[in-house]
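Structure first, then comments.
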Amino acid sequence: MGSSLKRNDYRRFRLNKGDRLKYGLIGGAGSVFIAYTFYRLQLLMLIAFPAGAVCYPLLKRKDLQKKRLRTLNLQFKESIEILSNYIRSGYSVENAFISTHAELRRSFGEKADICIEYALLCKGIGMNIPPEQLLTDFAVRSGMPDIINFSEVFGIAKRNGGNMSQIIERTAAVIREKAAVSEEIHTMTAAARYEQGIMNFIPFLIIFYIDFSSPGFMSVMYQTAAGRLLMSAALCLLSLSIFLSGRILDIHV
């Protein structure tokens with residue numbers, strides 16, 4: 001259990017060797033495909049492979065980090081609901097954290113990020129470390145507004161002796177409503193993201209269709225300076241449209 005209890009810094013995300021190799025090969029192959037589609041130059045395709053193998057894992061790392069944080073946020077919302085129920089039932093704060101951890105393990109499994117964090121909380125509580133201090137550490141490492149806000153509210157309530165049950169219940173309600181809105185937006189934009197993925201490949205299909213149905217028709221685009229300039233402009237516009245559509249669909253609550 002020692003290795004699973006490491007304090008993760010969720011503000012940073014590292015790919016393991018297997019993922020780096022996998023996404024490097026995908027990025028390299030994709031870059032060669034793009035270079036072939038728009039330029040048909042062997043030298044450029046040779047240069048494109050290592051460039052794609054380096055750049056794509058970096059882009060994929062950001063995407064995987066966003067997914068991890070989104071999952072952690074949903075799991076945290078669930079944990080606060082459970083914690084609120086235990087405190088409302090009369091459990092002390094310390095026992096509520098321990099009981100919440102046990103229930104989270106049954107729901108998500110020991111390797112889930114939220115279970116690792118609650119295991120750290122329970123271990124710290126067993127060492128007489130104040131839970132508000134442990135929560136603050138988790139909040140800083142997560143960098144997530146919901147967790148930061150909860151740790152601040154929890155710390156203030158603990159120091160000032162407020163009604164812990166009522167405070168946690170109100171905070172849980174706010175987090176629940178925010179998460180519900182976020183999930184609704186994610187669901188509503190799922191179809192648009194799927195359509196975006198299909199539309200990204202349409203220009204490639206058009207080029208290959210013209211090249212296949214009318215052999216030699218596209219030769220002027222690959223053999224003249226004007227043609228290569230036009231293909232470069234088309235690639236830039238395609239890249240810009242992919243970037244803008246991704247930013248438009250990346251909605252934060």
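The values are calculated or read from the model by the stated rules, or taken from the named source; none is laboratory data. These figures come from a predicted structure and were not determined experimentally. Backbone-built Cβ (ideal geometry, glycine too); neighbour counts: all protein chains shown.
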Discussion item. Could you check segment 183-196 and list, in sequence order, the residues that are in a helix (DSSP H, G or I) and either in contact with a Gly (Cβ under 8 Å, 6 or more places away or on another chain) or surrounded by 11 or more Cβ atoms within 10 Å (Cβ to Cβ) (or both)?
Written reply: Glu183, Glu184, Ile185, His186, Ala190, Ala192, Arg193, Glu195, Gln196
Worksheet item: Of all residues in segment 127-144, how many are part of a helix (DSSP H, G or I) and at pLDDT 90 or above?
Response: 10
Discussion item. Just to be sure before I move on: is Asp63 surrounded by fewer than 19 Cβ atoms within 10 Å (Cβ to Cβ), under 25 Å from Ala139 (Cα atoms), without any contact (Cβ under 8 Å) to a residue 60 or more places away in the chain and not assigned by TED's automatic domain parsing to the domain that holds Ala234 in the structure I sent?
Written reply: yes
Item to complete: Just name the residue that is farthest from Gly246 (Cα to Cα) out of those in segment 200-221 that are part of a loop (DSSP other than H, G, I, E, B) and aromatic (Phe, Trp, Tyr).
Response: Phe217
Worksheet item: Given (1) modelled with pLDDT under 95; (2) of a type in the set (A, V, I, L, M); (3) under 30 Å from Ser219 (Cα atoms), where does Leu59 come up short, assuming only one miss?
Response: (3)
Worksheet entry | Boolean, Arg106 is surrounded by fewer than 15 Cβ atoms within 10 Å (Cβ to Cβ), out of contact with any His (no Cβ under 7 Å at 6 or more places or on another chain), assigned by TED's automatic domain parsing to the domain that holds Asn163 and modelled with pLDDT under 90 | no
